[in-house]
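K.L.:
Let me give you the structure first, and then I'll get to my questions.
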Amino acid sequence: MAAPWEDVLRDTPAIREAAAVAVDAALLEGVLMRTEGEPNASDVVNFAPFTLLPSVVPQALFEQAYAVQQDFNLLVDAISQNKEFLERTLASTIKVDDFTARLFRIHMQVLEEGLAQSVFLGINRSDYMFDCGVDGTTALKQIEINTIAASFGGLTSRTVPVHQRVLKVLGKFKEASKLLPNNPSKGLALGIAKAWELYGSPSAVVMFLVEKVQRNIFDQRCVENELWNRNIRVIRRRFRDVFEKGSLGEGRRLYMDGQEVAVVYYREGYVPKNYDQQNWEARLLLERSRAVKCPDIATQLAGTKKVQQELSRPGTLESLLPGRAEAVARIRATFTGLYSLDMGAEGDKIAAMAIADPDRFVLKPQREGGGNNLYGEELRQVLEKIRDSPERTSYILMDKIKPQPALNYLLRAHSPLQVSECISELGIFGVYVRQDKGMVMNRAAGHLLRTKAVEHADGGVAAGVAVLDTPYVV
C-alpha cells in the first residue's frame, strides 16, 4: 500500500531539510531518552529514535486491533484468576525455565496464604503485524501480548505533532491533518488513578518500580505527570529499596519509608537479569501485600508465550470466556499458527517440521523485552541441539508473519540519513480495573506504532532496533 509521500522519498534536499526540522520538533515535543553514556542522568539527553515519515496502516486492520482490545483485557483477567489453567498450562515450562518457575512458586505461595489484594489493575499491550498473503491481501496477526512494563505509551503520545510538522514542511498539509490524535499516557494514568481511588486511602502513594538503568525515564514521566495533575503522589523505587525499607503493616498494607503504597506499577521485573535473591524476596513482599500490583504475578504469568500457545488450541478460549462467542471469534481471528514443543509425539513432529523449514517459523522463549526470538539458521541450530531434551519445552514455535515492506528513513542520534526498507508493528494499549469479581473499567487506551529495517528480525525500541512511528490510516 503506497504512501502519499513516495514522491519525496528520493528528493534528497527536501528530505535533509525535513529531517533537521523533525529532530528539533522531537526535542521540542519531549520525544526524549537519556544517553547510553549517562543512562541515569538527565543533564544530557537526546531524541528517542523515530521515523521521518508516518507509516501507512490499513484502516480496517487498525480498527480491528482496537475492537478486540477489550476482549483481550477480559481474557488476560480471566486467565489470571484461573489457578488450574495456569498450573496445567505451565506444568512443562516450569520444569525447565527457572524464571517462570520462581514466578509461579510466588503465585502459589500467595494463593495459599490468601490474597490481601482486592483491586486488580491490568495495563497490557497487544502487538500485531500486518501479514501479507500470496494474493496480496493483508491480515492482522498477533505477535504477543505484554502484561508487564508495556512501554512507550508516553513518548508515542508526543510523536504525532512531530510527524505533522514534517508533513507540512514537505507540503503535505492535507495529509498532516489526517494523523489521528493519540495519548496512551493519559489512558494508562486513568487506570492507575481508578485503582488508587478504589484502594481507598487518600494519603497513599503510587510507587513506580523502576530499573537500575533508566534511559527511558521520560516515557514513564509522561504517565507520572498525569497522576500528579490529579494530585496523586508518585514515588520511584527499585527492588533494592523495597528489600531494605519495605514492610507490611496491619491488614498487610504496604509501607515504603513510612508511606502507605496503594498501587505498585512495575516498569521492571520482566526478565531474569532483574532479579537476585534480595529482589526475589522484595517481589514476594510486594505480592503478599494489599497494594494493587500492576501486574500481580498471576497477570504476569498470563502473558507468557506458553499461555499464548495454549490459547490457540481448540476450545481453550471458549472455556476461559464462557458465553462470549463474539469475543472469542474476534480474538481467534488475530491468531497465527502457534505450536507446542512439549515432550511427546506432537512436539517431536513440530520440532522436525521447524528444522526442515526454519524460515517458516519463529522460536520464542518465555521472555519479554525484545531481542529474544530465534529465526532461520539460528532457529534450526538451537532446535537440533535441544530436539530430544526437555529444554525444548521452554520455547514455543510460531508461524513467521510476513508483512509488506515500505521505504522510510529511521532517525537516530549520530547516525547517517539513509532510506531503508521497513516493516511496522502496531501495539494497542489496554487498561482494566477489577474490584473483587466486578469489572470497573475496561478500555483501549491508545496505540503504539514501531518500525524497523527489514534486516532486523527481532527487537523493540528499548532494544535499539525499532523506532517510534505514527500510523497514517488509509
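Residues are listed down the side, and each one gets a yes or a no for (1) small (Gly, Ala, Ser); (2) farther than 20 Å from residue 99 by Cα:
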site	(1), (2)
251	yes, yes
281	no, no
287	no, no
293	no, no
303	yes, no
308	no, no
317	no, yes
322	no, yes
334	no, yes
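Residue-wise test of (1) open to solvent by 20 Å² or more (accessible area, probe 1.4 Å); (2) in a helix (DSSP H, G or I); (3) assigned by the TED database to the domain that holds residue 188.
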residue: 236; (1), (2), (3): yes, no, yes
residue: 264; (1), (2), (3): no, no, yes
residue: 278; (1), (2), (3): yes, yes, yes
residue: 281; (1), (2), (3): yes, yes, yes
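K.L.:
Which count do you get for residues in the range 209-231 that are in a loop (DSSP other than H, G, I, E, B) and touching a Ser or Thr at 6+ places or on another chain (Cβ under 9 Å)?
P.N.:
2
Conditions tested, residue by residue: (1) open to solvent by 30 Å² or more (accessible area, probe 1.4 Å); (2) out of contact with any Leu (no Cβ under 9 Å at 6 or more places or on another chain); (3) not assigned by the TED database to the domain that holds residue 220.
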position: 374; (1), (2), (3): no, no, yes
position: 390; (1), (2), (3): yes, yes, yes
position: 405; (1), (2), (3): yes, yes, no
position: 413; (1), (2), (3): yes, yes, no
position: 430; (1), (2), (3): no, yes, no
position: 449; (1), (2), (3): no, no, no
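K.L.:
Could you say which residue among 201, 185 is small (Gly, Ala, Ser) and not in a helix (DSSP H, G or I)?
P.N.:
Being small (Gly, Ala, Ser) and not in a helix (DSSP H, G or I) holds for just one of 201, 185, which is 201.
K.L.:
Could you tell me whether the range 196-208 includes any residue that is open to solvent by 10 Å² or more (accessible area, probe 1.4 Å) and under 28 Å from residue 44 (Cβ atoms)?
P.N.:
Checking the range 196-208: not a single residue is open to solvent by 10 Å² or more (accessible area, probe 1.4 Å) and under 28 Å from residue 44 (Cβ atoms).
K.L.:
Would you be able to tell me the number of residues in the range 311-334 that are at pLDDT 95 or above, assigned to a loop (DSSP other than H, G, I, E, B) and within 22 Å of the chain's Cα centre (by Cα)?
P.N.:
2
K.L.:
Report every pair of residues separated by at least 6 positions or lying on different chains whose Cβ atoms are under 6 Å apart, first residue within the range 31-42 and open to solvent by 20 Å² or more (accessible area, probe 1.4 Å), second assigned to a strand (DSSP E or B).
P.N.:
32/45; 34/45; 35/46
K.L.:
Please go through the range 71-103 and pick out each residue that is closer than 29 Å to residue 248 by Cβ, open to solvent by 20 Å² or more (accessible area, probe 1.4 Å) and in a helix (DSSP H, G or I).
P.N.:
Once the filter is applied, which keeps residues that are closer than 29 Å to residue 248 by Cβ, open to solvent by 20 Å² or more (accessible area, probe 1.4 Å) and in a helix (DSSP H, G or I), the range 71-103 yields 78, 83, 84, 87, 94, 98, 102.
K.L.:
Which count do you get for residues in the range 242-262 that are part of a loop (DSSP other than H, G, I, E, B) and either of a type in the set (Val, Ile, Thr) or closer than 22 Å to residue 192 by Cα (or both)?
P.N.:
Qualifying residue count for the region: 3.
K.L.:
Are there any pairs, at least 6 apart or on different chains, whose C-beta atoms fall under 6 Å, with the first in the range 423-446 and farther than 11 Å from residue 65 by Cα and the second at pLDDT below 95 and of a type in the set (A, V, I, L, M), and if so, which?
P.N.:
Partner pairs satisfying both residue conditions: 423/454.
K.L.:
Can you name every residue in the range 129-147 that is open to solvent by less than 30 Å² (accessible area, probe 1.4 Å) and in contact with a Ser or Thr (Cβ under 6 Å, 6 or more places away or on another chain)?
P.N.:
Those that are open to solvent by less than 30 Å² (accessible area, probe 1.4 Å) and in contact with a Ser or Thr (Cβ under 6 Å, 6 or more places away or on another chain): 130, 140, 142, 145, 147.
K.L.:
Out of the residues in the range 266-276 that are assigned to a helix (DSSP H, G or I) and in contact (Cβ under 8 Å) with a residue 40 or more places away in the chain, which is least open to solvent (accessible area, probe 1.4 Å)?
P.N.:
Restricting to residues being assigned to a helix (DSSP H, G or I) and in contact (Cβ under 8 Å) with a residue 40 or more places away in the chain, the top hit is 274.
K.L.:
Of the residues that sit in the range 283-310 and are open to solvent by 10 Å² or more (accessible area, probe 1.4 Å) and at pLDDT 95 or above, which one is farthest from residue 237 (Cα to Cα)?
P.N.:
300
K.L.:
Those residues that are among the hydroxyl-bearing types (Ser, Thr, Tyr) and within 20 Å of residue 118 (Cα to Cα), I need them from the range 245-287; list them, please.
P.N.:
247, 255, 265, 266
K.L.:
Take residue 46 and decide whether it is assigned to a helix (DSSP H, G or I), at pLDDT 95 or above and in contact with a strand residue (DSSP E or B) (Cβ under 9 Å, 6 or more places away or on another chain).
P.N.:
It is false that residue 46 is assigned to a helix (DSSP H, G or I), at pLDDT 95 or above and in contact with a strand residue (DSSP E or B) (Cβ under 9 Å, 6 or more places away or on another chain).
K.L.:
Here's another thing I want to ask about it. Of the residues in the range 1-49, how many are over 17 Å from residue 214 (Cβ atoms) and acidic (Asp, Glu)?
P.N.:
6
K.L.:
Are any of the residues in the range 155-176 touching a strand residue (DSSP E or B) at 6+ places or on another chain (Cβ under 8 Å), in a loop (DSSP other than H, G, I, E, B) and not charged (D, E, K, R)?
P.N.:
No, the conditions are met nowhere in the range 155-176.
K.L.:
Looking at 126, 157, which one is open to solvent by 20 Å² or more (accessible area, probe 1.4 Å) and among the polar types (S, T, N, Q)?
P.N.:
157
K.L.:
Moving to a separate point now. Here are 379, 341: which of them is touching a Gly at 6+ places or on another chain (Cβ under 9 Å), touching a residue at least 24 places away in the same chain (Cβ under 8 Å) and buried (at least 19 other Cβ atoms within 10 Å of the Cβ)?
P.N.:
341
K.L.:
Mind checking which residues of the range 2-24 are surrounded by fewer than 13 Cβ atoms within 10 Å (Cβ to Cβ) and part of a loop (DSSP other than H, G, I, E, B)?
P.N.:
Matches in the range 2-24: 2, 10.
K.L.:
To continue, here is another question. Between residues in the range 73-86 that are at pLDDT 95 or above and residues that are among the acidic types (Asp, Glu) and crowded, with 23+ Cβ neighbours inside 10 Å, which pairs lie under 9 Å by C-beta distance while being six or more apart or on different chains?
P.N.:
Pairs found: 80/296.
The values are calculated or read from the model by the stated rules, or taken from the named source; none is laboratory data. It should be emphasised that the depicted structure is a prediction, and the values quoted were computed from it without experimental measurement. Heads up, the Cβs are rebuilt from the backbone with ideal geometry, glycines too, and the neighbour counts pull from every protein chain shown. Ligands, DNA and RNA are stripped out before the accessible areas are found, and what is left, the full protein with its side chains, is counted by its heavy atoms. Shrake-Rupley method; radii C 1.70, N 1.55, O 1.52, S 1.80 Å.
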